[in-house]
Amino acid sequence: MPDSRPLRALLIEPESVVAITVKRWLEGFGYQVTDIQSAVHVNLLLVDTKYDLLVITSLRGREALEETPPSVKLLEELRGGMRFHLNRKVPIVFHSGRGLDHTVAQRLAIAYVAKPSTQATLEAGIAKAQDLADQVR
C-alpha cells in the first residue's frame, strides 16, 4: 500500500523574507512546509517528523573563516544519519549565496541552489537533489 501522507519539507532559513518566499514555492510544489530560522531546533523536528525534502541555507556566523563551516558540518551529519533519526536518502538542497565547494556537494550528494534564486531554479535543484539522493548508499 503506497504511503498516502502528504509530502513534507523542512526549511531552515534565517532570513524571514526569503523563508516566506521559499515556503510559498515549496507549497506550490505540493509540500507541507515546516520552517525554522535556525538549526538549533533541527534535532527535535527530525526526531518527530519524517521529511521528504530538506532545504537548508548557510548558517549565520563566520563560515568563511572556519576550516569546516557549521553548514557543512550540519550537512555531513544529515547525510550521514549521525545524530539525527533521518533517512540517509532524503533529498537535500543547500540554498545559499555563500557557495558550496563542488567536491563537498558531490561527496554528500547535495544539490546547490544559489541565492538569489527563482521558483524554477529551486524546482530544478529539488529534482537534482532527488536524483542525487537515489544514489546514496
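The values are calculated or read from the model by the stated rules, or taken from the named source; none is laboratory data. What you see is a predicted model; the values in this text were computed from it and never measured. Note that each Cβ is placed from the backbone with ideal geometry, even for glycine, and that neighbours are counted across all protein chains shown.
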Q.
Take the conditions modelled with pLDDT of 75 or more and loosely packed, with under 14 Cβ neighbours inside 10 Å and apply them to Gly97. Does it pass?
A. yes
Among the residues that make up the stretch 28-46, is at least one of them surrounded by 16 or more Cβ atoms within 10 Å (Cβ to Cβ), outside any helix (DSSP H, G or I), at pLDDT 90 or above and out of contact with any Lys or Arg (no Cβ under 7 Å at 6 or more places or on another chain)? no
Pro91 vs (1) at positive phi; (2) modelled with pLDDT of 65 or more: all pass except (1)
Of the residues in the stretch 91-137, those that are under 12 Å from the mean Cα position of the chain (by Cα), farther than 18 Å from Glu13 by Cα and not in a helix (DSSP H, G or I) number 1
